[in-house]
Amino acid sequence: MGNIIKKICCIGAGYVGGPTMAVIAEKCPEIEVYVVDMNAERIKKWNDDDLSKLPVFEPGLSEVISKCRNKNLFFTTELKKNLASSDMVFISVNTPTKTRGVGAGQASDLKWIEASARQIAEYAQGHTIVIEKSTLPVKTAQTIKKILMEANQDNSPLKNNLKSFSILSNPEFLAEGTAISDLKNPDRVLIGGEDDKAINALISIYKKWVNKEKIITTDLWSSELSKLVANAFLAQRISSINSISALCEKTGADIKDVSIATGTDKRIGKYFLNAGPGFGGSCFKKDISNLVYICNYYGLAEVSSYWQKVIDINSWQKRRISKIIIEKLFNTLSGKKISVLGFSFKANTNDTRESPSIDICRDLMEEGANISIYDPKVKESQVSAALNIDTFNNSLGYKNFKFASSLNDCMKDSYAVIVLTEWEEFAHLDWDQIYSMMIKPAWIFDTRSIVDKAKVDKAGFNFWRIGS
Ligand code: NAD
Ligand code: UGA
């Protein structure tokens, strides 16, 4: 039997910490779950009575929050007290790519992980199970362990507090936009560690709703590395299909048919074969870059350059789309209004991190286009920040971006509509009406293959779709 867990503290109330802890709280009503973040503004939003103001948009999330919040699920900035009284602590903080110093642009920045470990070392009491939920370079548990173990040494100011720790790796595999269903029905739960008692304590939590056969246990390093590898394999499929989308455009083959024909082989599988404007999101590029860095570190140059290509193709795909748009619009975008539909990196999330829309919009702005952006869930402040609009001036020296409050406002008097995110509502637009308010020749560029070609042909549009 594992320890009985009465109270959990999670450091980091982001896209992972918030939804993950909400589902644990829902499935384990006997456990008190405290989600702590140093960002007071974010915590305020998690506690807002108006559930449309939650900092994370995820289908099904607000229902879980309204069921558990302030019953056994609490969002707070109070770290010290909650660390001291928890049996189990999840570290779910950000691990972005380093922007400076050794490994800049590739290695993960572990400063938030180290800070969390130091806080746990300082404030935890008694025995605490510490769980890496963040995605981490292989062997990070060693660093965390070292920091935690030092907490009991003689030279520590805390030498009178008896404390001990078990460290587990429990990477998260949820995808944004489907986080709640992924958490409630995961393909697998992965737990890496050495301490059977701690592993069993964590298993006893997941067992409340996940079949035992889906719970995989490994050593710490295999668990940490498996998370990076899973993301690398997923991203590799997207770069593979995107590379073939370009070949389809040259040869007259259709990427949608090629995807189906290829993916129906059960050894290949049908998922993650949708060609698009390139993968976005906070993790794929970061995690593959980290893998590339680790391979280089261990002297595996060929392995490293193999995975680097997945990132290279992704950058190339974004740039390729920008170039096609420019070329189709007579090689000049100067002063032309261009409508961009979708700014989140995929549908059903308000997250814009690494969204392909960012690079494509910047390319078009640089060409002098007046960009008008519409997204059903992303806020103007997010778009401005992502485009770095405060400092952005195109080569002509002006800012040429507008955030549209409605679809009509976005598309009126524009020369082209570019569908960059596959929001359901973009698949059901009234193209006849839209055509009537655009400048002719009017173009649609569908990077997500969701627009009905027959309808836009009938309306009179020029139409370009990825991979056809
Ligand atoms: P995020 O940036 O949305 O959230 C991280 C939060 O941690 C922030 O709110 C930040 O203020 C807080 N934080 C950082 N250091 C802190 C500290 N010392 N004390 C208190 N709060 C602190 O990040 P995220 O998207 O939730 O990702 C978290 C981790 O999970 C990353 O390692 C990521 O790779 C991994 N992951 C993310 C996803 C995803 O879909 N976003 C999926 C699987 C895994
Ligand atoms: C991804 C993984 O799917 C999760 O398993 C993982 O936990 C997570 O990263 C993480 O570690 O952060 P996420 O980035 O949220 O999840 O979303 P995905 O559904 O994987 O989409 C990533 C990007 O790939 C999006 O821009 C999406 O539009 C694009 N994509 C996805 C395609 O272009 N084609 C596809 O067929 C699938």
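DSSP bridge analysis restricted to segment 7-218 gives an antiparallel fraction near 5%, rounded to the nearest 5. Seen against the Cα atoms of the chain and their longest principal axis, helix 284-297 is set at about 60 degrees. Neighbour counts of other Cβ atoms within 10 Å put Met38, Met365 in the fewest-to-most order Met38, Met365.
Count Lys and Arg as plus one, Asp and Glu as minus one, and take only other residues whose Cβ is under 13 Å from that of Trp316; the net charge is then +2.
Counting only DSSP beta bridges with both residues in the chain, what percent are antiparallel, rounded to the nearest 5?
Working: 2 of 51 bridges.
Roughly 5 percent of the DSSP beta bridges within the chain come out antiparallel.
The calculated 222 nm mean residue ellipticity attributable to helices in the chain amounts to -12500 deg cm²/dmol, summing -39500 (n - 2.57) over DSSP H runs of n ≥ 4 and dividing by all residues. Each of Met21, Met149 was scored by other Cβ atoms within 10 Å of its Cβ. Arranged with the fewest first, they read Met149, Met21. I'd like the distance separating the alpha-carbon centroids of segment 244-266 and segment 288-367, in whole Å. So the separation of the two Cα centres works out to 21 Å. Calculated on C-alpha atoms, the gyration radius of segment 219-468 divided by its Kirkwood radius gives an Rg/Rh of 0.99.
For Thr218, the residues 5 or more places off, or on other chains, whose built amide H falls under 5 Å of its own are Ile191, Gly192, Gly193.
If you take the charge dipole of the chain about its Cα centre, with +1 on Lys and Arg Cβ and -1 on Asp and Glu Cβ, which of Pro356, Trp423, Ile199 is farthest toward its positive end? Of Pro356, Trp423, Ile199, it is Ile199.
Taking only the Cα atoms of the chain, the radius of gyration and Dmax are 24.0, 79 Å. Our note on the geometry: Cα centres of segment 435-468 and segment 14-34, 44 Å apart.
May I ask you to order 346-355, 436-445 by the average number of other C-beta atoms within 10 Å around their residues, highest value first? Please report the intermediate quantities before stating the final value.
On the way: 346-355: 22.1, 436-445: 17.3.
The packing order, highest mean first, is 346-355, 436-445.
The count of lysine pairs in segment 339-468 with alpha-carbon distances below 27 Å, taking only pairs 8 or more places apart or on different chains, stands at 26. Annotation: lysines with alpha-carbon distance below 16 angstrom to Lys270 (same-chain offsets under eight excluded): Lys256.
Relative to the Cα centre, what is the charge dipole magnitude of segment 410-468, using +1 at the beta carbon of each Lys and Arg, -1 at the beta carbon of each Asp and Glu, and rounding to the nearest 20 debye?
I would put it at about 240 debye.
Where does helix 140-150 land angle-wise versus the long Cα axis of the chain, in degrees 0 to 90, nearest 10? Value to nearest ten degrees: 30. The lysines whose alpha-carbon is closer than 21 Å to the alpha-carbon of Lys7, local same-chain residues fewer than 8 away aside, are Lys27, Lys67, Lys71, Lys80, Lys81, Lys133, Lys163, Lys184, Lys197, Lys207, Lys208. Any chance you could give the angle, 0 to 90 degrees and rounded to 10, that helix 111-123 forms with the longest Cα principal axis of the chain? Between the helix axis and the principal axis of the chain, the angle is about 30 degrees.
Note on segment 326-418: Cα convex hull, mean projected area over all directions, 5.5 nm². At q = 0.14, 0.16 Å⁻¹ the log10 of I(q)/I(0) for segment 7-218 amounts to -0.84, -1.11, computed by Debye summation with a single uniform scatterer per C-alpha, solvent ignored.
Please tell me the relative contact order of the chain in percent, rounded to the nearest whole number, where contacts are Cα pairs under 8 Å and at least six residues apart. Write down the numbers at each step before the final one.
Details: 906 pairs, mean separation 56.1, N = 468.
Once divided by the residue count of the chain, the mean separation gives 12 percent.
Comparing Cα centroids, segment 43-78 and segment 193-226 end up 27 angstrom apart. Using C-alpha pairs below 8 Å separated by at least 6 residues, the relative contact order for segment 7-218 is 20 percent. Among 414-423, 290-299, sorting by the average number of other beta carbon atoms lying within 10 angstrom of each residue, highest first, gives 414-423, 290-299.
Quick note: the coordinates plus some simple rules give every number you see, no bench work behind them. The structure displayed is predicted, hence computed values, not measured ones. Backbone-built Cβ (ideal geometry, glycine too); neighbour counts: all protein chains shown.
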